[in-house]
There are 2 protein chains.
Amino acid sequence: MNRQILVVEDEAPIREMITFVLEQNGFNAIEAETIEQAQAKIKEPYPDLILLDWMLPGGTGVKLAKSLKQNEYTRTIPIIMLTARADEDDKVKGFDAGIDDYVTKPFSPKELIARIKAVIRRVAPTALEEAIEFHGIKLDPVAHRVSINDKSLDLGPTEFRLLHFFLTHTERVYSREQLLDNVWGTNVYVEDRTVDVHIRRLRKAIAGEGHEDFIQTVRGSGYRFSGKTKDRA
Amino acid sequence: MNRQILVVEDEAPIREMITFVLEQNGFNAIEAETIEQAQAKIKEPYPDLILLDWMLPGGTGVKLAKSLKQNEYTRTIPIIMLTARADEDDKVKGFDAGIDDYVTKPFSPKELIARIKAVIRRVAPTALEEAIEFHGIKLDPVAHRVSINDKSLDLGPTEFRLLHFFLTHTERVYSREQLLDNVWGTNVYVEDRTVDVHIRRLRKAIAGEGHEDFIQTVRGSGYRFSGKTKDRA
DNA sequence: AATAATTGTGACAGTTTCATGACACCGATA
DNA sequence: TATCGGTGTCATGAAACTGTCACAATTATT
C-alpha cells in the first residue's frame, strides 16, 4: 500500500521538507541529491513515482527522465517535475521526455500531495476505477452508472460522487465537514447544510428500492452509510 | 473544546477583523502584533493553531515559524501563513519552515474558517477511535454505534459520550463534577444534578440486558461503572 | 421512629438539529 | 435569448435532545 517516492533535489532544506511532507501523508520517501545518486537508487524495488527537480548539478532533470524512459523496467515510472518557473519551453522539453506532470515552485504541501495522488491515480487506475457492489447497489465509476437491484438510477454529478464516497467508506460516521472535504474538495467553501440537501437528494434517488435506510443520520455527528438496518432498542 | 488561535498580524484593522470572524465561529482568539509579542504569548496554554502574517515588523513570519518548529512543545502547533499575492515567491521559504497551509490575502472569512478547520482536522485525528468491548457492551466510536449482547442501542449524543467515558474508565468512582468535566467539557456551567438525569437515561437505555447494575451509585461520592455485581464500599 | 441528606424519576419548556420544499443563480445548450 | 439541469442557500416546521425542577424513594443520622 505504501508508495515509494524518490525525491531528486539538490537543495537540502527543500528536499528534507518534501520528504517530511510525504511521510506525513503516508508515502515512503527516498532521497537523492544528484542524477548519479538517483540512478543508483533506481533499482529494485523500483519507486512508484519520482519527484525530479529541474535544475540539478551535473545536468538537467530531463536528462534523467529520458534515460529512464528508455529502460524497459523504469519506463513506466511516473515522473513529476519540479520547476522554478512556469516556462513553456521547459514544459515542451519535459513532455518530450515523457514527464507526467509539473509542480511549479513555489508550491504548497497540499498542492504537491494533490498532484502526486492525481498522477498515481492516473497511472495506476486500480481501486478508484473498480466497480462496486454493496447490498444490491452497483456503481461503475468508469461508465458512471448506478443501479439498485438492476434498476438504473439517474444521479447528478455531486450525488454520484457522494454515493461513490459512501460506498467506499461504509459503516462509519462522517461529519458534514469531512464529507465536504472528500466529496466537494478541500478548497471549496460552501455551507455545512449544503450536505444535508444533497443527502436528501441522494436519499430520494435511492429510496423505494429494498433496503430503506442506507444513509443514516447520526444526530450531532453526521451521516453514516450502512448496510445494517437501523434498529432501535 | 474551544480552540485557541493566536493571530499574529501587525495591521490592527485586519487583525481585529480576523479576531471578529474567529470568535463568530466559536474560536478563541489571542492577538499579537509583533514576533516578540507572539513569542511571549506562546506559552502554556499553547494555542491550537497560529495564524501568522508574512510581513511583520522585526522580521518575517518565517523566522517565528522556524523557531517554533525547533521547540519540542511548540513543534506540533499547526501554522497557517497569511501572504499577500505579491509575496508568492516566498512560498518556498515558508514551505521550508514547515508551514501547514497558506491563505492568500485577500481572503474571505468563509475561506479562512474553512482552512482553519481543515488544518485542525488533519492535525488532530485518531486516538479515541478504538472500539471497546466490556462485558458484552460494544462501543464503536468510528461507526458511532453501541450494542449490548449484539443488540444495538440508540443513544443520544450526551449518553453516548457518557457511556464512552465510563467504558474507558471502569471500576472507579467519579464525582458529578468530574463527570461534567470529562463528558460535558471543562467550562460548562450546568447543575450537578444534571448528571443524575443523564445517568438515569443511560441506565434506562442499557437496562434489561443481562448484568443489571453497570452504573453504580456511590452515595455521597458519585458514580462508578463496574462489571462486578453490586458490592458496597 | 423521626428527621435530614441524598438520589431516583417523570414531566416540561427551551434549545438545537435535521428534513424538506422553494427559489435564485450559473453555465451549458438549443 | 430562452430553457434546463444542477447546485447552494434559505425559511419553516417537526423532531430530538437537554437542563432544570418538583416530588417520590431511599439511605443515613439522631
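The values are calculated or read from the model by the stated rules, or taken from the named source; none is laboratory data. Predicted, not measured: the structure shown is a model, and the values here were computed from it. For neighbour counting, all protein chains shown are included, and Cβ atoms are generated from backbone atoms with ideal geometry for every residue, glycine included. To get the accessible areas, we keep the full protein, side chains included, count just its heavy atoms, and leave off ligands, DNA and RNA. Shrake-Rupley method; radii C 1.70, N 1.55, O 1.52, S 1.80 Å.
Could you work out what % of the accessible surface of segment B:132-225 is carbon and sulfur, using a 1.4 angstrom probe and leaving DNA, RNA and ligands out of the count?
Values: 2210 of 4990 Å².
Carbon-and-sulfur percentage of accessible area, whole number: 44.
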Notebook entry, point to check: So, in nm, how far is label residue B:4 from label residue B:219 when the simple model puts each one 7 Å beyond its Cα toward the Cβ?
Noted result: 4.3 nm
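Peptide B:144-155: average number of partner chain Cβ atoms within 10 Å per residue?
Working: counts 10, 8, 1, 2, 1, 0, 0, 2, 6, 3, 4, 1.
Whole-number average of other-chain Cβ neighbours for B:144-155 is 3.
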Note to self: List, shortest first and in nm to one decimal, how far the label point of residue B:13 (7 Å from Cα along Cα→Cβ) is from its counterparts in the other copies.
What the structure shows: 3.3
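Run through segment B:153-199 and list the chymotrypsin sites (Phe, Trp or Tyr not before Pro) located in a DSSP loop whose Cβ has at most 14 other Cβ atoms within 10 Å.
In loop regions of segment B:153-199 (DSSP not H, G, I, E or B), the sparsely surrounded chymotrypsin sites (Phe, Trp or Tyr not before Pro) are B:189.
Assign one of three labels to segment B:149-231, namely rounded, prolate or oblate, based on the Cα gyration tensor with a ≥ b ≥ c the square roots of its eigenvalues; rounded applies when a/c is under 1.5, prolate when it is not and a/b is larger than b/c, and oblate otherwise.
Since a/c reaches 1.5 but b/c is at least a/b, the shape of segment B:149-231 is classed as oblate.
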Note to self: How many Å² of accessible surface get buried when A and B come together, counting both sides, probe radius 1.4 Å, rounded to the nearest 100?
What the structure shows: 2600 Å²
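Protein chains only, probe 1.4 Å: how do A:30, B:116 rank by accessible area, largest first? List each step's numbers first, then the result.
Working: A:30 40, B:116 0 Å².
So the residues, ranked largest to smallest area, are A:30, B:116.
If you filter segment B:112-200 for GluC sites (Glu not before Pro), then keep DSSP loop positions with at most 16 other Cβ within 10 Å, what is left?
On the way: sites: B:129, B:130, B:133, B:159, B:171, B:177, B:191; in loops: B:129, B:130, B:171, B:191.
Here the sparse-neighbourhood loop sites are B:129, B:130, B:171, B:191.
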